[in-house]
Structure formats: structure tokens, C-alpha cells
1. Looking at the stretch 330-361, which chymotrypsin sites (Phe, Trp or Tyr not before Pro) are in a loop (DSSP not H, G, I, E or B) and have at most 10 other Cβ atoms within 10 Å?
2. Can you give the accessible area per residue of the stretch 296-436, in Å², using a 1.4 Å probe?
3. Summarise the accessible area of the stretch 170-284 (1.4 Å probe, protein heavy atoms) by the percent that is carbon and sulfur.
4. From the backbone phi of the stretch 113-120, what are the Karplus-calculated ³J(HN,Hα) couplings (6.51 cos²θ - 1.76 cosθ + 1.60, θ = phi - 60°) in whole Hz, Gly and Pro given as x?
5. Suppose R0 equals 30 Å; then what is the FRET efficiency for residue 389 and residue 268 from their Cβ-Cβ distance, rounded to the nearest 0.05?
6. Restricting to Cα atoms and excluding each atom paired with itself, what does the Kirkwood estimate give for the stretch 2-160 in Å?
7. Report in % the part of the accessible area of the stretch 296-436 that belongs to carbon and sulfur, leaving out ligands and nucleic acids; probe 1.4 Å.
8. Looking at 391, 371, 430, which one has the Cα that reaches farthest to the positive end of the dipole of the stretch 333-442 (charges on Cβ: Lys, Arg +1; Asp, Glu -1)?
Amino acid sequence: MALYLLYESASGYSLFLAHGIDQIGQNTEAVRSSISDINRFGKVVQLTAFDPFESALDALNQCNSVSEGVMTDELRKFLEKNLPTVKEGKKPKFSLGVSEPKIGSHIFEETKIPCQSNEFVLELIRGVRLHFTTLLKSLKPGDLEKAQLGLGHSYSRAKVKFNVNRVDNMVIQAIFLLDTLDKDINSFSMRVREWYSWHFPELVKIVNDNYLYAKVSKYIQDKSTLSEDNLSDLTDLVGDEDKAKEIIEAAKASMGQDLSPLDLMNVQQFAQKVMDLAEYRKRLYDYLVSKMNDIAPNLASLIGEVVGARLISHAGSLTNLAKCPSSTLQILGAEKALFRALKTRGNTPKYGLIFHSSFIGRASARNKGRMARYLANKCSIASRIDCFADSSTTAFGEKLREQVEERLDFYDKGVAPRKNIDVMKSAIESTQSKDTEMETEEASGKKSKKKKSKSVDNGDAMAVDEPAATANGDAAEGKSEKKKKKKDKRKLDQEDETMEDANNGHAEEDGTAKKKKKKSKQENGDDLQAPSDVKKKKKKKSKSEDSD
């Protein structure tokens, strides 16, 4: 049976025919020994066909398809053109050796070409890869290396391509830095307290907050200079006038030792550094909140930005967190306790990182495990929505949070919660209504833009027509005066007719109304009627009325 080898290189698809397979007896050791020698290997494997890629983009698409185990149309045409035809009902007299069993199975399903991928075939393909430049004589030296470098860069870039606004790696780094800053600020604040307490030990008991203590110590510097004149400034710093007075009174009767100006300057500089770190920590927290609202809005609205970021960082990414089942998410962060319990056959932990959520703290001791399990279930749903949804919305996270609140009420008061399907339906309806509102707003915005553009065009047309109108101004004025005279005459005629109708009886009203209709038709049809003809008609009407 003939054996063909399919080799996918960076420059194109190539097909090789392996001769003398029956003599070798498919011995992998013999193939390994013959691979190093091109003279021996060239007698066994020979090139039958080569199909180069059209462009770098085509090479990237083919490489992506091969890595996913999918046969493209180009590969199918190449195989059908260069391999013997497979007749239905007959066993083929050849087989195709491929490096990946996945793509081999797909080729067999589509074209019925028998494929194999074993150690023997892999060794032959390894030899083809080693001597590819010598087997394919049409390639120039250096062409294959350039193609491999370009395809490797584009393939890696395509695999790493992502939405810039939804980079969960930034959240992981931010939460690590936030935890590190908390530890550093705490230790530095303790150092400031200990250092400045040699000079003013009573301040530690009056001011408890670390950031506020650093600000006050930087402002006071030497306690001997503190007086009633500094009361307003101290009140602004501390936020309490009584506390400011207490600081001034304590400074007067302080038991601390005096420090030199150089020592006070060092303490002041260190306190400033602690203040800067605390302010940077606040800015970093705001950045983390904004990134979490972009990356995982539902998870953030359900469990909070910090706890959600810790879950993402512990799982490695938002995708890994979405793949985790709720049972794994529940004990995420308590791996040591879990394996210790499994080793000692003790009780497994009920919660991990989600213990920092406010819901677990609000639950009673009896219901903490139940609440952790329920909260982990909702967190897994929220993370999957955030990871795989096309548009970001907080509707599902808010509804899931309402469900957790209802579950707390159920454990405490026995109030029956809503069903999950009803809550999800309401969340879907709210998202659809928001989408429709956005579409209507966009449509209205487009209409207003069109109206503005039309008004601008009309204004330009008017501006263009104005010079022509001014040029023919005299003729237009003459025509307008004639029209005004005709209108005045018609008004006078109508007034005379109304006076005559008022004097006549009710029996004659119908006939006069018909006549009026005829007159109006005549007036509409004959706009350029002479005024003398109108007077004649009036005289005839008056004569007919007298005869009646």
C-alpha cells in the first residue's frame, strides 16, 4: 500500500510519497537511522506536489484551520488533485500520513481518504521537516526561514488579539498591587506613629486613622510651636474642633522628648510619602472599579469590585473563572484547607474568597454554608454572562443580587423567593428595552442630523436665489401691486353680497348659496377676469331680484 505524507510548512502544502515501506517493514528504528542521511532518506521519500500559499493572510488562515483540526477548501482541492481517486465500494490502495489525528479524521469524513498518524508516520514527517529545503528544490535559501518568522509573528499576534477595553490582566495586576499597597501603607503608618511618638506620644491616642495621623504630624512638626492660633487649621485637618483643642492641650503638657530640626524634617518627609501612597491607593481603587465595570459588570454588581477582582486573579482570567463550576468557585482560595481536610478526612471548607462578601457576613452561623453555596452559584452565572456576552450590561448582576437578598430573607424570615426563570426573564426584558431605547435615540439623532443638513442646503439655495430676486426686483414689485388691487376689489364684492343675503328671506338662501358656489368656482377658475364683467353680472342679479 502506497503511503503519502502531508506536510504543512510556512510556505505552503506539500505532498510526499514514501517508497520501499514494505521492505523497511515500518520499523521506526530504521527510519530514525536513515533520517540523518539525506541520501538514504531521499530514496525513501520523494516530493510529488507542492501548493504555495497566496499571501501572508492566506498562510495565517490555513495555519489557524490546521491548528484547529479543520480541512480548508484549498487543502481539499490540493488533496483531490494530487491523490488517487477513492472509488465507492472499493478499498483504497493508498493511505495519507498526517501529523495530527484530528485533521486526519476530518479529512476522512469529508473525502473518504484513509489517514493514519502513528510513530512511524511522525518519524517520516520529522525527516521531511529536517530536509525540506533540499527536497523542495524550487525554494531559495532563506525563503523558508523568512516565511516561518512572518507566519509565527502573525499567528501569535492573532492568538493574543483581544478587546483592549476588556483586558482582565489589568484587573489581576491592579488587585495584586492594591493588596501590596494596603500592607505597605499599614507598615509605613506604624513606622510614622512609632517615630513621631518619641516627640509627641499623646497624639497616637487622639488620632486613630493612619492617613490622618500622617497629615497631622506633618502639619504640627514641632509640638512646642503649637498654639491657639493653629486651632482653625487643625480643625480643618481633623474635622472636629473638640479634637483639635484636645491636640493643642496635649501638646502643652506632652511628655515626649525634643527632636532636632533634621530629625523632624526626616519624619515630615516620611509622613508625606505615606500620604502620597494613601492617595495613590485611592486612585488605584477607582481605576479597579472602572475596569471591573468594563470587564465583569455583572460580577461586580453582584459581589463587589474587590471580591470579584480577587476571584478573577485567583482563577487566572475571566475565562478560567467562567469555566469553573460553582462548587469550585465556592472554595476558591481555600485550597490548603481543602487538601488538609481530604488528607485528614475532616470537614471540607465551606467558603474561600467569597467569605469577604457582605452576604456571608450577614447570614447567621447556621446558614453561612448554604449562603456560600447559593452565592457561588450566582457568581458562576454572572461570570459566564460577562465572559461570553457580546454587549456589557449590569441588568443580570442586579437581578442576581436581588435573588441573593431574597434568599437571605428566606433564611431569616421565611419569605418565599422568586423563581430563577422569572428573574432571568425580567432581566432579559430590561436589556431588550434598553437596546430598543438606544436604537430609537440613535435613529432620532440621525434624523436631527439629516434635518440640519437639509436646512443648511435650503439656506444655501435661498442665498443663491437672493441675487436673482434683487436683479428682477422692479418687475416683481409691479406684479405684486396688481395682485393687491384685484384682491381688494374681490373683498368689496363679497361684502356687498353678504349685505344682500342678510336682507333676503330664508326661502331665497338656498338659491343664493348655489350662486355663491358658482361665483367662487368662477373666481377660482378665472383669476384674470376684468372688473367690468363683474359689475355687469351684479346689475343682472339686481334686476332679477326686483322682478321676483
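1. For chymotrypsin sites (Phe, Trp or Tyr not before Pro) across the stretch 330-361 that sit outside H, G, I, E and B with at most 10 neighbouring Cβ atoms in 10 Å, the list is empty.
2. That works out to 52 Å² per residue.
3. 53
4. Karplus-based 3J(HN,Hα) across the stretch 113-120 equals 7, x, 10, 9, 9, 9, 4, 5 Hz.
5. Numbers: r = 52 Å, r/R0 = 1.72.
That pair, residue 389 with residue 268, gives E of 0.05.
6. 16.4
7. 51
8. Positive-most Cα among the choices belongs to 371.
The values are calculated or read from the model by the stated rules, or taken from the named source; none is laboratory data. All values derive from a computational prediction rather than experimental measurement. FYI the Cβ positions are ideal-geometry reconstructions off the backbone, even for glycines, and counts take in every protein chain you see. SASA here: full protein model, heavy atoms, side chains in, ligands and nucleic acids out. Shrake-Rupley method; radii C 1.70, N 1.55, O 1.52, S 1.80 Å.
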